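Read the structure below first, then the notes.
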Amino acid sequence: MNPNEILRIVDALHRDKKIDSEIVFRAIEAAMASAVRRQRGDEAEIEVSIDRHSGQISATVNGEPLDPDVFGRIGAQTAKQVIIQKIREAERDALIEEYQQLIGEIVTGTVHRVDTGKTIVNLGNVEAILPRSEQIPGDPYHVGSRIRAVVVEVRADGSRVKVVLSRTRPQLVQRLFEQEIPEIAEGTIQIRAVAREPGYRSKVAVSSDDPRVDCVGACVGVRGNRIKNIVHELAGERIDIVRWSDDPEVLIPNALQPAHVDQVLLCEMIGRAIVLVQEDQLSLAIGRKGQNVRLASKLCGIDIEIMTAEELDEQIERAVIGFSQIDGVSEELAQALVEQGYLSYDDLEVIEPDELMVMGDLTEEQVQHIVAQAERLALEADKAATEARQRQRELERLQQAQATVEAQGEAESATATGTQSEVEAAEDKGTEAESPAGASGEPADSGETESGESREATVPESGSP
């Protein structure tokens, strides 16, 4: 291996594989040192260096110079094999470094193949994996189709690079907004928070420091053309654009749109907000299967509870009565707890002891006694609720079984009625077929034919044609 050959290898790998030249030089030095060590023993102290400009090799063994021609005699083939291995590792490390910088960013690729549970995506210089858990429900993937996803994980997998993609993370929605909306890419509009249930609905909170810019309108676009492109990329996922505010009492009503909110009661001690709405807005605020309030809670970072004013009054009354039953809790303390937003025994389990000591002028032992009772009562309440749900499910099961039996009975009755109707229809048809008088509508002179035979119709047996 002469100096010119070394320089050609380094230059080719640098240009074709985009591997840093210094990494290649070090790999060759390590390979050659390994080849010499195999000849001289593991105890030998070997140093190999290559001149970066001339490609000239210099080496020492236990401090004594080694003739460069010796490399050809002690195993140039071995050195080349090690070089190939080192170069592959360097190429893998370069890919890892490249894609680690893309974590959280969108990449575009084509579907290479679809295996059970995962989709393999060709990104050009590496094949990435889109696991089933990171796929949008109902989103079809066909071989050769284009796909956009965010990089969520990059790691070495032996001699290969494993890149994991996702289409379910909130980052995908944010990156799509940045690509489709120039004001966000420029920084005029900022995305403050994203809450998402992949394939169903997302809420995106935006704001702008420029009062002349309508942050919500800019994201929607003229006739909704900007948001339509994002919705199409997300397989029809619904997107709500929310105007951000640092004031939770303003942000929460915005996040719960399209429902109209009457009042927001913040319980900062336990990180909860009680939102009061009218009866006709209750289902709209909660959303289908609780989706609207759940996404609003994620967006605002606050546990939101939706109820009407009447429901709040009832819950407050129950809470005061329930707290007053705890040994050591006076009616005044129970009322003070409710005013701070503590409405259940579970809430008392997370209350700060010092806070409760100040509120009720209690000792540490009294506080521990109260909290222990609250924990016991909370467990009993959970058990009672579980039993109630089980009874409800059993009742629904029995009602369903009864409805099935009734449906079967009705079906059998309808079948029997239909059979009888067929018999009667057959009797009428037979009579008409045998009686000329029946055919003409005129009365017959007698019940016998000219030959004296009877004209009585024969009733077919059930099931006969």
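Just so you know, all these numbers are worked out from the coordinates, no wet-lab data involved. Please read all numbers here as calculations on a predicted model, not as lab measurements. Please note: Cβ atoms are built from the backbone with ideal geometry, for glycine as well, and neighbour counts cover all protein chains shown.
Counting beta carbons within 10 Å around each of T386, T188, T116 and listing the fewest first gives the order T116, T386, T188. Each of F25, F177, F323 has some number of other Cβ atoms within 10 Å of its Cβ, and from fewest to most they run F25, F177, F323.
Over the range 331-379, Cα pairs under 8 Å with separation of 6+ residues give a relative contact order of 42 percent.
What dipole magnitude, in Debye to the nearest 20, does the range 312-399 give about its Cα centre under +1 on Lys/Arg Cβ and -1 on Asp/Glu Cβ? Please list the in-between numbers first.
Values: 7 positive and 22 negative charges, 152 e Å.
Using Cβ point charges on Lys, Arg, Asp and Glu, the range 312-399 gives about 720 debye.
Under the definition of Cα pairs under 8 Å and six or more residues apart, what whole-number percent is the relative contact order of the range 200-349?
Working: 196 pairs, mean separation 26.6, N = 150.
About 18 percent, as a whole number.
Once every DSSP H run of n ≥ 4 in the chain is given -39500 (n - 2.57) and the sum is divided by its residues, what mean residue ellipticity at 222 nm do you get, rounded to the nearest 500 deg cm²/dmol?
Numbers: 16 runs with 233 residues, N = 465.
So the helix-based figure for the chain works out to -16500 deg cm²/dmol.
If you rank L102, L165 by fewest surrounding Cβ atoms within 10 Å, what's the result? Mind showing how you got there, number by number?
Details: L102 14, L165 25.
Ranked by crowding around the Cβ, least crowded first: L102, L165.
When DSSP assigns beta bridges and you keep just the ones with both residues in the range 171-303, what percent turn out antiparallel, to the nearest 5?
Values: 13 of 20 bridges.
Rounded to the nearest five, the antiparallel share is 65 percent.
Summary of the geometry: the range 263-328 and the range 135-155, compared by the centres of their Cα atoms, lie 38 Å apart.
Computed on the Cα trace of the range 141-241, the radius of gyration divided by the Kirkwood hydrodynamic radius gives Rg/Rh = 1.05. Diffusion of the range 106-166 by Stokes-Einstein, at 37 °C in a medium of 0.692 mPa s and with Rh set to the Kirkwood radius over alpha-carbon pairs, works out to 284 µm²/s.
Hey, could you get me the Stokes-Einstein D for the chain, Kirkwood radius over alpha-carbon pairs, 4 °C and 1.567 mPa s, rounded to whole µm² s⁻¹?
The calculation lands on 41 µm²/s.
The string of couplings for the range 158-174 from the Karplus curve (6.51, -1.76, 1.60, θ = phi - 60°) is x, 8, 10, 10, 9, 10, 10, 10, 8, 10, 10, 6, x, 4, 5, 4, 4 Hz, one whole number per residue in order, with x for Gly and Pro. Using θ = phi - 60° in the Karplus curve 6.51 cos²θ - 1.76 cosθ + 1.60, the 3J(HN,Hα) couplings for the range 229-235 round to 5, 5, 4, 4, 5, 9, 6 Hz; x is entered for Gly and Pro. Counting charges near Y200 (Lys, Arg +1; Asp, Glu -1) among other residues having Cβ under 10 Å from its Cβ returns a value of +3.
Apply 1/(1 + (r/R0)^6) to the Cβ-Cβ distance of S21 and T308, taking R0 = 51 Å, and write down the FRET efficiency to the nearest 0.05. The value I calculate is 0.10.
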